[in-house]
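Down below is the structure, laid out as C-alpha cells.
The values are calculated or read from the model by the stated rules, or taken from the named source; none is laboratory data. Note that the structure is a prediction, hence the values are computed from the model and not measured. Note that each Cβ is placed from the backbone with ideal geometry, even for glycine, and that neighbours are counted across all protein chains shown. We work out accessible area using only protein heavy atoms, side chains counted, and drop any ligands, DNA or RNA first. Shrake-Rupley method; radii C 1.70, N 1.55, O 1.52, S 1.80 Å.
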Amino acid sequence: MENNKLMTNNTYYITTPIYYVNDKPHLGHAYTSVACDAIARYMRLDGMEVKFLTGTDEHGQKVEKSAKAAGVPPQAFVDEVSEHFREMGQILHLTNDDFIRTTQPRHIKAAQEMWKRLEASGDIYLANYGGWYATRDEAFYAESELIDGKAPTGAEVEWVEEPSYFFKLSKYEQPLLDFYSANPDFILPESRRNEVLSFVKGGLKDLSISRTTFEWGIPVPGDEAHIMYVWLDALTNYWTAADGKWPADLHMVGKDILRFHAVYWPAFLMSAKLELPKRVFAHGWWTIEGEKMSKSLGNVVAPAHLVEKYGLDQTRYFLLREVPFGSDGNFSRQSMFDRINADLANNIGNLAQRTLSMIAKNCDGAVPVLDPAVTLPQDVALMDLVRVTSATTHNSAREQMQRCKFAEVIGAILHMSSTANEYIDKEAPWTLKKTDLARMNAVLYYLAESIRCIAIMLQPFTPDAAAKLLDQLAVPADERLFLHLTPQFALKAGTPLPKPEGVFPRLVAETV
Ligand code: MSP
C-alpha cells in the first residue's frame, strides 16, 4: 500500500480560532484561515479524511457593547457580522467543511454539557470575584500583571466585583506540566512552548468562569443568573462541531490567544474527561508597513482588498511564504510586489509560459513525444530532482506541514521550478527546433512533466493557479493527488492540450 496512513489513522481535524464578531475581517483573520486551509488541502491531497472547522465567537461583553453601540439587538448584530466572516471564506476559497456560530443551538447545548462535566468532576464552586477585566481581551488580569494601569496587551481594564463560579484551574497545574513533558510537540513553535511552561510553573489560580453583570451569553445550567465566561463557551466550539472526529489534530491560533488554548482548554478537557487535542500552533502577528494594525491608525487591511489588487493565489502565497510561520512579519506593498514577481511571475509563471507556449506552437498542441533514445544525463538529473522532491513531499513534508513549516515546503517547490528554468535556458529548445526536433520534443516533455509535479504540489498554496496549470496539461481531475506524482501517472505523449494562458502575470508598479 502506497500510503500507510490510509490504513491507520486516516482523519485529520483542524480548526481556526472562531472570530469575534465585533469587527470586520482583516489580514490577521485571513492569515490564520489561509494557513489552516493550506494544511487542510494538503492533508486531503495526501489521502486523509479532513475536517476543517472555522466560525464565529458571538457571545460576551465585547460583542454586547458593539451591538449596543450599533443600536441593534445582539442577535441581529451577530447575524450580520458573522456573514462577513463567511464571505471572507468565499473570497479566500477556504475549504472548511463546517462553519460554527456559538449562538447556534448545537453549541449552546454542547457548552452546557461541558459545564456539567466540569461540575460532575467537582471542579466548579461559587464564590465572589473581585479583580480587573479587559473587555477587549475578554480576560481577567491580576493586579501584578497590569502595566501603567492597563492590561499587558495594552487593553483598558475595569474593576469587576460580582458573584462568580470558579473553575479549579490550580488543581491542573501539575497534570498540565506532566502532559507538556509527555507531549513535547503539543505546543509549537518551541519558543512559545517555553513561555507557556513558565507561565504554568509560575502557579495557576482558579479561574472565574461566570459573569452576572451582563446578559449576552450562555446561561449556566441550574443558575440562570449567571452566564458562562465567554472563553469557556468559545473554546468548547471545537468539541461541539467535532462530529465524532474528536480530538482535534491541530488548533491554529495567534500568539495572543495561546494561553487560552494551551492552558485553560486542556485543563477543561482533563476535567471533562475528554481527550486533549494533539497540537496547538501559535503563529506570529503582522504589522502593516511597520506599524501595528489598528482602526485608530486607519491601516486595517481587508482581505478582499488584497485579493482584488494582487489576486487570490498571490495573496495566499505571500502570507505563507514571506515569513517563517510562527514569527512576526511585516506587510508592505513593496515586499508583496517583490515576492509575487520573483517567485510566482518570474520563476513558476515564466517556466510554465515558456514551456506551454512552445508546446502549443511546435508540438501540434499535444504532449510532446518522448524518444528515450535521445535522453541525456541532464534530463535524468532534472527528473531525479523532481521525483525525489515529490517523494519527499509525500513523506517527510507531511510532517513539515503538520508542524506548519510552509516556507520549507514551498521552498522545495520553488527549487524544482528554478532548476527547471536553468534546464530550459541551457537546453534552449528554441534552438533545438532548428537543429534537432527529437531533442526539442524530449526537452519539452521533461519540462511539461516537471510542471505537472510542481502544479500538484502547489495546490494547497495557490489552488486556482495550480488547477489552471493542471488543466493546461490535461491532467484528469482524479489524478491530482500526491500519490499521482509518481512516473506511473506521468504525462502521456500525444494527449491534446488546451490553449495555454499565463497563470502568474507579472505585476507592474503602476497597477499596485
Ligand atoms: N474569539 C477569539 C478566539 C476564540 S477561539 C476559541 C479571538 N478572536 S479574534 O477575532 O480577535 O482573533 C482571531 C485571530 O486573529 C487570532 O488568532 C489572532 O491572533 C489573529 N490576529 C488578529 N490580528 C492579527 C494580526 N495583526 N496578525 C496576525 N494575526 C492576528 O481572539
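Please find, within the range 387-433, the residue that is most open to solvent (accessible area, probe 1.4 Å) out of those that are in contact (Cβ under 8 Å) with a residue 12 or more places away in the chain and among the hydroxyl-bearing types (S, T, Y).
Residues of the range 387-433 in contact (Cβ under 8 Å) with a residue 12 or more places away in the chain: 387, 389-394, 397-398, 401-407, 409-410, 412-421, 423-424, 426-427, 429-430, 433.
When the remaining residues are screened for being among the hydroxyl-bearing types (S, T, Y), the result is 389-390, 392-393, 417-419, 423.
Details: T389: 18, S390: 5, T392: 59, T393: 7, S417: 0, S418: 41, T419: 35, Y423: 15 Å².
Ranking the candidates gives T392 first.
Using the structure shown, decide if A448 is on the phi > 0 side of the Ramachandran plot and outside the structural domain of A35 (by TED's automatic domain parsing).
Numbers: on the phi > 0 side of the Ramachandran plot: no; outside the structural domain of A35 (by TED's automatic domain parsing): yes.
Judged against the criteria, A448 is not a match.
Looking only at the range 434-448, which residues are assigned to a helix (DSSP H, G or I) and surrounded by fewer than 22 Cβ atoms within 10 Å (Cβ to Cβ)?
First pass over the range 434-448, keeping only residues assigned to a helix (DSSP H, G or I): 434-435, 437-448.
Passing the criteria: K434, T435, L437, A438, R439.
Within the group K468, K492, which residue is open to solvent by 20 Å² or more (accessible area, probe 1.4 Å) and in a helix (DSSP H, G or I)?
Going through K468, K492 in turn, the sole match is K468.
If D243 meets every condition in (1) farther than 27 Å from L27 by Cα; (2) at pLDDT 95 or above; (3) not polar (S, T, N, Q) apart from one, which number is that one?
Among (1) farther than 27 Å from L27 by Cα; (2) at pLDDT 95 or above; (3) not polar (S, T, N, Q), the lone unmet condition for D243 is (2).
Output the residues belonging to the range 67-85 that are surrounded by fewer than 19 Cβ atoms within 10 Å (Cβ to Cβ) and in a helix (DSSP H, G or I). Outline the logic, then answer.
First, the residues of the range 67-85 that are surrounded by fewer than 19 Cβ atoms within 10 Å (Cβ to Cβ): 68-73, 75-76, 79-80, 83-84.
Within the range 67-85, K68, A69, A70, Q75, A76, D79, E80, E83, H84 meet the criteria.
Being of a type in the set (D, E, K, R), in the same structural domain as W231 (by TED's automatic domain parsing), touching a residue at least 12 places away in the same chain (Cβ under 8 Å) and not in a helix (DSSP H, G or I) is the requirement here; does E162 meet it?
Taking the combined requirement at face value, the residue satisfies it.
Consider V475 carefully, then state whether it is under 28 Å from I39 (Cβ atoms), in contact with a Gly (Cβ under 9 Å, 6 or more places away or on another chain) and not in a helix (DSSP H, G or I).
no
Say we look at the range 346-381 and pick out the residues that are among the charged types (D, E, K, R) and touching a helix residue (DSSP H, G or I) at 6+ places or on another chain (Cβ under 8 Å); which of these is farthest from A448 (Cα to Cα)?
Residues of the range 346-381 among the charged types (D, E, K, R): 354, 361, 364, 371, 379.
Applying the additional criterion that residues be touching a helix residue (DSSP H, G or I) at 6+ places or on another chain (Cβ under 8 Å) yields 354, 371, 379.
Values: R354: 10, D371: 15, D379: 12 Å.
This residue is D371.
Can you pull out every residue in the range 249-279 that is surrounded by 23 or more Cβ atoms within 10 Å (Cβ to Cβ), touching a His at 6+ places or on another chain (Cβ under 7 Å) and over 22 Å from N10 (Cβ atoms)?
Once the filter is applied, which keeps residues that are surrounded by 23 or more Cβ atoms within 10 Å (Cβ to Cβ), touching a His at 6+ places or on another chain (Cβ under 7 Å) and over 22 Å from N10 (Cβ atoms), the range 249-279 yields only H261.
Do the conditions hold for F268, that is, is it in a helix (DSSP H, G or I), within 14 Å of the ligand (Cβ to nearest atom), of a type outside the set (G, A, S) and more than 21 Å from the chain's Cα centre (by Cα)? First the steps, then the outcome.
Working: in a helix (DSSP H, G or I): yes; within 14 Å of the ligand (Cβ to nearest atom): yes; of a type outside the set (G, A, S): yes; more than 21 Å from the chain's Cα centre (by Cα): yes.
Criteria met by F268.
What is the residue count in the range 23-55 for residues that are more than 8 Å from the ligand (Cβ to nearest atom) and outside any helix (DSSP H, G or I)?
Just the residues of the range 23-55 that are more than 8 Å from the ligand (Cβ to nearest atom), to begin with: 24-25, 30, 33-55.
Add one more test, that the residue is outside any helix (DSSP H, G or I), and what stays is 24-25, 46-55.
Looking only at that region, the number is 12.
Of everything in the range 278-297 that's more than 9 Å from the ligand (Cβ to nearest atom) and aliphatic (A, V, I, L, M), which residue is modelled with the lowest pLDDT?
Out of the qualifying residues, it is L297.
So, in the range 252-265, how many residues would count as being farther than 20 Å from T153 by Cα and more than 12 Å from the ligand (Cβ to nearest atom)?
Final tally of qualifying residues: 0.
Within the range 189-251, which helices (runs of 4 or more DSSP H) (wholly inside it) include 3 or more residues that are away from the ligand (no atom under 16 Å from the Cβ) and touching a helix residue (DSSP H, G or I) at 6+ places or on another chain (Cβ under 8 Å)? Break it down into steps so the answer makes sense when it comes.
Values: elements: 190-201, 230-235, 237-240.
Where helices (runs of 4 or more DSSP H) fall fully within the range 189-251 and carry at least 3 residues being away from the ligand (no atom under 16 Å from the Cβ) and touching a helix residue (DSSP H, G or I) at 6+ places or on another chain (Cβ under 8 Å), they are 190-201.
Find all pairs meeting these conditions: Cβ atoms under 6 angstrom apart; at least six residues apart or on different chains; first residue within the range 48-67 and among the acidic types (D, E); second residue in a helix (DSSP H, G or I) and open to solvent by less than 10 Å² (accessible area, probe 1.4 Å).
Cβ pairs passing all conditions: D57/A234; E58/V78.
This table checks each residue for (1) in contact with a helix residue (DSSP H, G or I) (Cβ under 8 Å, 6 or more places away or on another chain); (2) away from the ligand (no atom under 15 Å from the Cβ); (3) of a type in the set (S, T, N, Q).
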site: Q75; (1), (2), (3): no, yes, yes
site: E80; (1), (2), (3): no, yes, no
site: R86; (1), (2), (3): no, no, no
site: D97; (1), (2), (3): no, yes, no
site: T102; (1), (2), (3): yes, no, yes
site: Y125; (1), (2), (3): no, yes, no
site: G131; (1), (2), (3): yes, yes, no
site: A139; (1), (2), (3): yes, no, no
site: S144; (1), (2), (3): no, yes, yes
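Within the range 9-22, track down each residue that is among the aromatic types (F, W, Y) and either more than 8 Å from the ligand (Cβ to nearest atom) or more than 20 Å from H59 (Cα to Cα) (or both).
Here is the first cut: in the range 9-22, the residues among the aromatic types (F, W, Y) are 12-13, 19-20.
Passing the criteria: Y12, Y13.
Across the range 312-346, what is the number of residues that are surrounded by fewer than 18 Cβ atoms within 10 Å (Cβ to Cβ) and closer than 27 Å to N441 by Cα?
1
Looking only at the range 298-310, count how many residues are away from the ligand (no atom under 14 Å from the Cβ) and buried (at least 19 other Cβ atoms within 10 Å of the Cβ). Write out each step before concluding.
Filtering the range 298-310 for residues away from the ligand (no atom under 14 Å from the Cβ) gives 298, 304-305, 307-310.
When the remaining residues are screened for being buried (at least 19 other Cβ atoms within 10 Å of the Cβ), the result is 307, 310.
Looking only at that region, the number is 2.
When you check V374 against the structure, is it touching a Lys or Arg at 6+ places or on another chain (Cβ under 6 Å) and open to solvent by 20 Å² or more (accessible area, probe 1.4 Å), yes or no? Walk me through it before giving the result.
Working: touching a Lys or Arg at 6+ places or on another chain (Cβ under 6 Å): yes; open to solvent by 20 Å² or more (accessible area, probe 1.4 Å): yes.
Yes; evaluated as a whole, the condition is true for this residue.
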